[in-house]
Amino acid sequence: MHITINCAKSLDSIIEGRFSNEKDWKRVYELRAKSDAVMVGINTILKDNPRLTTHNTGNEPVKIVIDSRCRIPKDARIFQTKTIIAVSENAPKERIAEIKKRAKVIVCGRDKVDLCALMKELSETGINKLMVEGGGTLITSMLGLADEVIVAIAPQIMSKGVCFVEKELDAPIELKLKDVLKLDEIVVLKYDVLK
Ligand SMILES: NC(=O)c1ccc[n+]([C@@H]2O[C@H](COP(=O)([O-])OP(=O)(O)OC[C@H]3O[C@@H](n4cnc5c(N)ncnc54)[C@H](OP(=O)(O)O)[C@@H]3O)[C@@H](O)[C@H]2O)c1
């Protein structure tokens, strides 16, 4: 499976807020359309309630939410297209039954969703190109599994809010810069992850 992390952030790496401009959103929609699935953490759903669609740019990828305790609201906008909710064994059975009416539910991991096991299960179902959009907690957990990191940097310094990296990594991650785009005021940096 090829995993791309894509994120828009301020110059000081805050990701909480709106940083993309029109051209960058177009780039994001096209990247979604080229992906088999787009993944976010549950806090992003609870805070932003996104649909994560391609806005008719192309094929609509499957949406995946990492949600150990199955807290996703029944009326979340993400359910408007095909969705998978990944939960842990700790998720309440009645919540799982409720959400199964709206989405596929994968139980994976004891307390938190086991992301390595989930990636294996997803690739067995034909998901070969995965885009991870955030937030910071999920991005940090996925950095060790990612092949590509794309960041769109907006000309803002926020000083507080959720960060691109939200917890300490076991080891530094080395990247190789492969492309730089200038989309008006936004600079997009594309890196391969060196393994
Ligand atoms: N600028 C951008 O491009 C962009 C994109 C997306 C989101 N965001 C922003 O990011 C913010 C939310 O980020 P966040 O860091 O608070 O939360 P998040 O990454 O959206 O969600 C994190 C949650 O996912 C669940 N989770 C389950 N298993 C996990 C695992 N193995 N590793 C990591 N997470 C796991 C945990 O909740 P449970 O324990 O309940 O499962 C965890 O608290 C929002 O403000 C949103 O606007 C920005």
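Nothing in this text is a laboratory measurement; each read-out follows from the coordinates by a stated rule. Since the model is a prediction, treat every value here as computed from it, not as a measurement. Heads up, the Cβs are rebuilt from the backbone with ideal geometry, glycines too, and the neighbour counts pull from every protein chain shown.
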Subset of segment 93-134 [touching a Phe, Trp or Tyr at 6+ places or on another chain (Cβ under 9 Å) and not hydrophobic (A, V, I, L, M, F, W, C)]: 102, 134
Output for segment 115-139, where each listed residue is near the ligand (Cβ under 7 Å from one of its atoms) and out of contact with any strand residue (DSSP E or B) (no Cβ under 6 Å at 6 or more places or on another chain): 115
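Output the residues belonging to segment 154-195 that are acidic (Asp, Glu) and under 17 Å from residue 144 (Cβ atoms). I'd like the intermediate steps shown before the answer.
From segment 154-195, those acidic (Asp, Glu) are 166, 168, 170, 174, 179, 184-185, 192; that's our starting set.
166, 168, 170, 174, 192 - these are the residues of segment 154-195 that are acidic (Asp, Glu) and under 17 Å from residue 144 (Cβ atoms).
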Filter result (more than 15 Å from the ligand (Cβ to nearest atom), over 18 Å from residue 12 (Cα atoms) and touching a residue at least 40 places away in the same chain (Cβ under 8 Å)) within segment 149-190: 181, 184
